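Engineer: Okay, handing you the structure first.
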Amino acid sequence: MQENTDMYQEKPERFTQMEPIEILRVSNLHTFLIDDLNKAYMMHDHNHINDPEALKRVVAVVGGGETKVDRKLLSILPNVKIISVFGVGYDGVDVQAAIERGIVVTHTPGVLNDDVADLAMGLLLSVSRQIPKADQFVKAGDWVDGPFNLTKKLTGAKLGIVGLGRIGQAIAKRASAFDMKISYTARTPKADLPYPYFPSAKALAAEVDFLLAITPGGASTKGMINMEVFEALGPNGYFINVARGSVVEQPDLIKALQDKVIAGAGLDVYYDEPRISPEIRHLPNVVLTPHMASGTFETRRAMADLVLANLAAYFAGNKLPAPVPECQALLEE
Ligand code: NAP
Ligand code: 8YV
């Protein structure tokens, strides 16, 4: 994380004056965060701008990580200085366009690692042991007709993690307690970690029983999980996605599940959320959750606190708790 810089050691003049600081909300946020933002700032809602002149006075943008904050939006917000993202992923934000305008982007890393890793384990158990199907089996009264089908053992199985960052490592820690044999791919091998590295998702998929994606979204990972990867994973393999829908070629995923190229999938994220393709919703071999991996009271509160702390630090002229890595150079200028 960056050191204090000249840019933030002195309070910018405009933020010491008496007028309220005006900010713009660009997505749905939890009520508790909206309440706290309203206490500290004058907040406008992007969908209900009563006073178009307000856009010129807005100095901060707040929204979810997938919410589009693009060059076009930034061009109508000439005074924005900070984009505070509610989420660790910020694939919706055009960071390059922000940097060109001297706008710093912040996010909420770290505080959600445990919850996302917990849900990833939940999906691994749900697909391998078919827990949702077993639940329906009991509730439907089908047990009287005979026992539930046998399922796949998770303990000791091979897990391939695509993206061994903060959350990937929290997943690996949990999977280790299940004696899973962990290997991974990432942009770079991690010399300090004991797991075997593979140079691509395809090479990794060929070696494992469960392939789990937990990378950022955006251009660099777009479609990196495709039919070639599913063919390498094979008919006994399962795919788990807690990263972003864009990481997967969705038509390939649907075909791989329909044609039993892979055995099944556990998905928390999708292309075009929350409109989930009926082809996915009607598949028998998937367990689906509604992008809820960080969705506990405790973690969403911690994420909200980090959104508030990033804004407060900026306006107080203090060191930012969590700027995105691409903005380091901007902060050091
Ligand atoms: P992180 O610490 O930055 O880790 C990202 C990992 O992905 C790193 O290992 C990185 O490789 C790897 N990676 C990045 N680009 C890649 C590429 N092009 N090819 C292969 N690997 C690549 O991030 P994090 O905090 O773990 O969060 C990861 C992502 O999880 C977020 O960006 C978000 O998309 C997703 N997420 C989803 C939920 C949910 O609700 N489902 C919640 C939170 C986060 P290096 O280590 O080599 O840099
Ligand atoms: C959030 C996430 O639910 O942090 C992320 O990247 O995907 C989730 O924790 C999402 O960003 C809320 O907008």
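Engineer: Could you grab the pairs with beta carbons closer than 7 Å, sequence gap of 6+ or different chains, first residue in region 106-128 and within 9 Å of ligand 1 (Cβ to nearest atom), second one at pLDDT below 95?
Structural biologist: Sorted first by the residue in region 106-128, then by its partner, the pairs are HIS107/GLY65.
Engineer: Here's a follow-up. Take the residues in region 105-160 that are in contact with a strand residue (DSSP E or B) (Cβ under 7 Å, 6 or more places away or on another chain) and within 16 Å of ligand 2 (Cβ to nearest atom); name whichever of them is farthest from PRO290 (Cα to Cα).
Structural biologist: Top of the filtered list is VAL105.
Engineer: Looking at region 310-319, can you tell me whether even one residue there is within 16 Å of ligand 1 (Cβ to nearest atom), of a type in the set (A, V, I, L, M, F, W, C), touching a residue at least 12 places away in the same chain (Cβ under 8 Å) and outside any loop (DSSP other than H, G, I, E, B)? Steps first, answer last, please.
Structural biologist: Residues of region 310-319 within 16 Å of ligand 1 (Cβ to nearest atom): 310.
Subset that is of a type in the set (A, V, I, L, M, F, W, C): none.
Within region 310-319, none of the residues are within 16 Å of ligand 1 (Cβ to nearest atom), of a type in the set (A, V, I, L, M, F, W, C), touching a residue at least 12 places away in the same chain (Cβ under 8 Å) and outside any loop (DSSP other than H, G, I, E, B).
Engineer: Step by step: first the residues of region 316-333, then only those that are surrounded by fewer than 17 Cβ atoms within 10 Å (Cβ to Cβ) and aliphatic (A, V, I, L, M), then the one that is modelled with the highest pLDDT. Which residue is that?
Structural biologist: Among those residues, the one meeting the criterion is ALA316.
Engineer: For LEU119, indicate whether it is assigned by TED's automatic domain parsing to the domain that holds PHE210 and crowded, with 20+ Cβ neighbours inside 10 Å.
Structural biologist: Working: assigned by TED's automatic domain parsing to the domain that holds PHE210: yes; crowded, with 20+ Cβ neighbours inside 10 Å: yes.
It is true that LEU119 is assigned by TED's automatic domain parsing to the domain that holds PHE210 and crowded, with 20+ Cβ neighbours inside 10 Å.
Engineer: Tell me, which residue of region 304-315 that is open to solvent by less than 30 Å² (accessible area, probe 1.4 Å) and more than 13 Å from ligand 2 (Cβ to nearest atom) is farthest from the chain's Cα centre (by Cα)?
Structural biologist: Among residues in region 304-315 that are open to solvent by less than 30 Å² (accessible area, probe 1.4 Å) and more than 13 Å from ligand 2 (Cβ to nearest atom), the one farthest from the chain's Cα centre (by Cα) is PHE315.
Engineer: A further question follows. Would you kindly identify the strands (runs of 3 or more DSSP E) lying entirely within region 105-223 that contain at least 1 residues that are charged (D, E, K, R) and farther than 26 Å from VAL324 by Cβ? I'd like the intermediate steps shown before the answer.
Structural biologist: Working: elements: 158-162, 181-185, 210-213.
Hits in region 105-223: 158-162, 181-185.
Engineer: Failed condition for PRO278, given (1) touching a helix residue (DSSP H, G or I) at 6+ places or on another chain (Cβ under 7 Å); (2) in the same structural domain as ASP209 (by TED's automatic domain parsing); (3) more than 16 Å from ligand 1 (Cβ to nearest atom), with all others met?
Structural biologist: (1)
Engineer: Evaluate the following for GLY295: is it closer than 23 Å to GLU231 by Cβ and either of a type outside the set (Asp, Glu) or more than 12 Å from ligand 2 (Cβ to nearest atom) (or both)? So that I can check it myself, show each step before the final result.
Structural biologist: Numbers: closer than 23 Å to GLU231 by Cβ: no; either of a type outside the set (Asp, Glu) or more than 12 Å from ligand 2 (Cβ to nearest atom) (or both): yes.
Here the answer is no, as GLY295 does not meet what is asked.
Engineer: Can you run down the residue pairs with Cβ atoms below 7 Å, 6 or more apart or on separate chains, where the first is in region 22-36 and assigned by TED's automatic domain parsing to the domain that holds LEU73 and the partner is open to solvent by 60 Å² or more (accessible area, probe 1.4 Å) and away from ligand 2 (no atom under 15 Å from the Cβ)?
Structural biologist: Partner pairs satisfying both residue conditions: GLU22/MET42; GLU22/ARG57.
Engineer: Now for a separate question. Can you confirm whether VAL93 is within 16 Å of ligand 2 (Cβ to nearest atom), β-branched (Val, Ile, Thr) and modelled with pLDDT of 95 or more?
Structural biologist: On the way: within 16 Å of ligand 2 (Cβ to nearest atom): yes; β-branched (Val, Ile, Thr): yes; modelled with pLDDT of 95 or more: yes.
Spelling it out, VAL93 is indeed within 16 Å of ligand 2 (Cβ to nearest atom), β-branched (Val, Ile, Thr) and modelled with pLDDT of 95 or more.
Engineer: Look through ILE276, ILE240, ILE280 and report the one residue that is open to solvent by 10 Å² or more (accessible area, probe 1.4 Å) and of a type outside the set (Lys, Arg).
Structural biologist: Working: ILE240 fails: open to solvent by 10 Å² or more (accessible area, probe 1.4 Å); ILE280 fails: open to solvent by 10 Å² or more (accessible area, probe 1.4 Å).
Every option except ILE276 fails the conditions.
Engineer: May I ask you to list the residues in region 283-303 that are more than 15 Å from ligand 1 (Cβ to nearest atom) and either modelled with pLDDT under 95 or open to solvent by less than 60 Å² (accessible area, probe 1.4 Å) (or both)?
Structural biologist: LEU283, ASN285, VAL286
Engineer: Say whether the condition of being over 25 Å from VAL80 (Cα atoms), open to solvent by less than 10 Å² (accessible area, probe 1.4 Å), at pLDDT 95 or above and within 12 Å of ligand 2 (Cβ to nearest atom) is met by at least one residue in region 260-270. So that I can check it myself, show each step before the final result.
Structural biologist: If we filter region 260-270 for residues that are over 25 Å from VAL80 (Cα atoms), which is where we start, we get 260-270.
Checking the rest, the ones that are also open to solvent by less than 10 Å² (accessible area, probe 1.4 Å) come to 262, 264-269.
Within this subset, residues satisfying the condition of being at pLDDT 95 or above are 262, 264-269.
Next cut, within 12 Å of ligand 2 (Cβ to nearest atom) only: 268-269.
Yes: one or more hits.
Engineer: Does region 282-297 include one or more residues that are over 19 Å from PRO132 (Cβ atoms) and either in contact with a Cys (Cβ under 6 Å, 6 or more places away or on another chain) or assigned to a loop (DSSP other than H, G, I, E, B) (or both)? Even if it seems obvious, please write down each step before you answer.
Structural biologist: The initial filter retains those residues of region 282-297 that are over 19 Å from PRO132 (Cβ atoms), namely 294, 296-297.
The next check asks that each one be either in contact with a Cys (Cβ under 6 Å, 6 or more places away or on another chain) or assigned to a loop (DSSP other than H, G, I, E, B) (or both); those that pass are 294, 296.
Within region 282-297, one or more residues are over 19 Å from PRO132 (Cβ atoms) and either in contact with a Cys (Cβ under 6 Å, 6 or more places away or on another chain) or assigned to a loop (DSSP other than H, G, I, E, B) (or both).
The values are calculated or read from the model by the stated rules, or taken from the named source; none is laboratory data. Here the structure is a predicted model, which means the values were calculated and not measured. Don't worry about glycine lacking a Cβ; one is built from the backbone with ideal geometry, like all the others, and counts go over all protein chains shown. Protein only, heavy atoms only, side chains kept; ligands, DNA and RNA dropped before computing areas. Shrake-Rupley method; radii C 1.70, N 1.55, O 1.52, S 1.80 Å.
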